[in-house]
Amino acid sequence: MHRAKVLLIDDDDDFLEATALLLSAQGYAVVQAKNGQEGFAKVKHESPDVVVCDLMMTYKTEGIDTARVIEEDAGSRGIPVILVSGAYREELPALFKQNKPRTVKAVLEKPLHPEELLRTIEQLLADRRQHTETLARDVERMVEKWRGVPGSLVMILHEIQKHFRYVPRQAAFEISRVLDVPLARIYEVLTFYNYFKLEAPGKHQISVCMGTACYLKGAPQLLSEIKRILNVEEEHSTTDGLFHLQVVRCLGCCGLAPVITIDDTVHGKVQVEQIHGILAEYMKKNEEVTA
Ligand code: FES
């Protein structure tokens, strides 16, 4: 039977030892690392089910940066992270501002209460199990539809992307299991075609037109400003999942150059100074919805 595996990342030997003892006694397999770099290497090699990571190790925000690296890695981003923090807890909202990695599912205060830690791990594992079961059923249905058809792997991946809007890591695992194809082969196909997305697209799609008219009227400056404000690169989503940024060629309304669109809304004759206000509207709406 599969024993759920927990990776502990902390530079405090006492914490590692005590927490490992607690979790082992509950039947978990435990792996340990003493800093973010070593922790990420173990994420890659050990594929833990949950990561428990200290906020401050070699430097103040190493735990957040480690969670972000896990999130940005296509093969690891579904693994939930529990951030534990003693110092700087009151600064966490500021440290997270626009920047909370989606992979951070809980924040617990040190010294940890054993029951709270166990309850949180159990809840995250239950959420993952439920998510995995639903996803496995969806993937099996799509695999059956294309089974035996030449080029079926690509067709299945197309279907999965259509369904989820990207190809989740867990879906790749399921295809590998059901089709008995190595995971490496699936990622070979996924990374060969630009079409496939390995991360969940942002809630709002920003398209910056780089067609000739827009380019000449200042689109590169608009793009730089958006990237600066959102701290995001082209073809990527912001870490909070709110925006996805892409560059397109001529949106067909050159008279309005420079043009950006956000979802279905066209913003024409945009000035660099207006970018902050335009984005702020969407952020505000999102805060109202999630408040
Ligand atoms: S070049 Fe941007 S809309 Fe045509």
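Readers should treat all values here as calculations from the given coordinates under stated rules, not as data from a laboratory. In this text the structure is predicted, and so the values were computed from the model without any measurement. We place every Cβ from the backbone using ideal geometry, glycine too, and count neighbours over all the protein chains shown.
Which number do you get for Rg(Cα) / (2.2 N^0.38 Å) in the chain?
Values: Rg = 21.7 Å, N = 291, 2.2 N^0.38 = 19.0 Å.
This ratio for the chain stands at 1.14.
How high is the relative contact order of the chain? Use alpha-carbon pairs under 8 Å, at least six apart in sequence, and give a whole percent.
Values: 419 pairs, mean separation 33.8, N = 291.
That works out to 12 percent.
Could you give each residue of the range 257-266 its phi-based ³J(HN,Hα) in whole Hz, using Karplus coefficients 6.51, -1.76, 1.60 with θ = phi - 60°, and x for Gly or Pro?
Karplus-based 3J(HN,Hα) across the range 257-266 equals 4, x, 10, 10, 10, 10, 6, 9, 8, 9 Hz.
Alpha carbon centre of the range 186-238 versus the range 12-59: separation in Å?
One Cα centre to the other: 35 Å.
Could you give the angle, 0 to 90 degrees to the nearest 10, between helix 183-192's Cα long axis and the longest principal axis of the Cα atoms of the chain?
Roughly 20 degrees, rounded to the nearest 10.
Hey, what D do you get for the range 164-291 in µm²/s if you plug the Kirkwood alpha-carbon radius into Stokes-Einstein at 37 °C and 0.692 mPa s? Before the final figure, lay out the partial values.
Values: Rh = 16.2 Å.
Once the numbers are plugged in, D ends up at 202 µm²/s.
Using only Cα atoms and rounding to the nearest 10 degrees, what angle (0 to 90) does helix 169-179 make with the longest principal axis of the chain?
Approximately 80 degrees, to the nearest ten.
Nearest 5 percent is fine: what portion of the DSSP beta bridges confined to the chain is antiparallel? Working shown, then result.
On the way: 8 of 32 bridges.
So the antiparallel bridges amount to about 25 percent of the total.
Please order HIS45, HIS244, HIS158 by the number of other Cβ within 10 Å, starting at the fewest.
On the way: HIS45 9, HIS244 23, HIS158 16.
In order of increasing Cβ crowding within 10 Å: HIS45, HIS158, HIS244.
Just to compare against my own numbers: the Cα pair-distance distribution for the range 5-112, 5 Å bins, whole % per bin, please.
Bins of 5 Å from zero give 2, 13, 26, 27, 19, 10, 3, 0 percent of pairs.
Do any cysteines in the chain lack another Cys Cβ under 4.7 Å, and if so which?
CYS53, CYS250, CYS253, CYS254
Given Cα pairs under 8 Å that are at least 6 residues apart, what percent is the relative contact order of the range 5-112?
Details: 177 pairs, mean separation 26.3, N = 108.
Contact order relative to length: 24 percent.
With θ set to phi - 60°, apply the Karplus curve 6.51 cos²θ - 1.76 cosθ + 1.60 along the range 78-86 and write out the HN-Hα couplings as whole Hz, x wherever there is a Gly or Pro.
x, 7, x, 10, 9, 8, 10, 9, x
Straight-line reach from LYS285: which lysines fall under 30 Å, measuring Cα to Cα and dropping same-chain residues less than 8 apart?
Hits, sequence-local ones excluded: LYS97, LYS100, LYS105, LYS162, LYS197, LYS203, LYS217, LYS227, LYS269.
Give me the base-10 log of I(q)/I(0) for the range 161-211 at each q in 0.21, 0.23, 0.28, 0.29 Å⁻¹, Debye formula, one uniform scatterer per Cα, rounded to two decimals.
Relative scattering, expressed as log10 I(q)/I(0), comes to -0.79, -0.90, -1.14, -1.18.
Report, to the nearest 10°, how far helix 36-46 tilts away from the longest principal axis of the Cα atoms in the chain, using its own Cα long axis and a range of 0 to 90°.
Tilt relative to the chain: about 80 degrees.
If eta is 0.890 mPa s and T is 25 °C, what Stokes-Einstein diffusion coefficient results for the range 98-169, Kirkwood Rh from Cα pairs, in µm²/s?
Details: Rh = 15.1 Å.
Stokes-Einstein gives a translational diffusion coefficient of 162 µm²/s.
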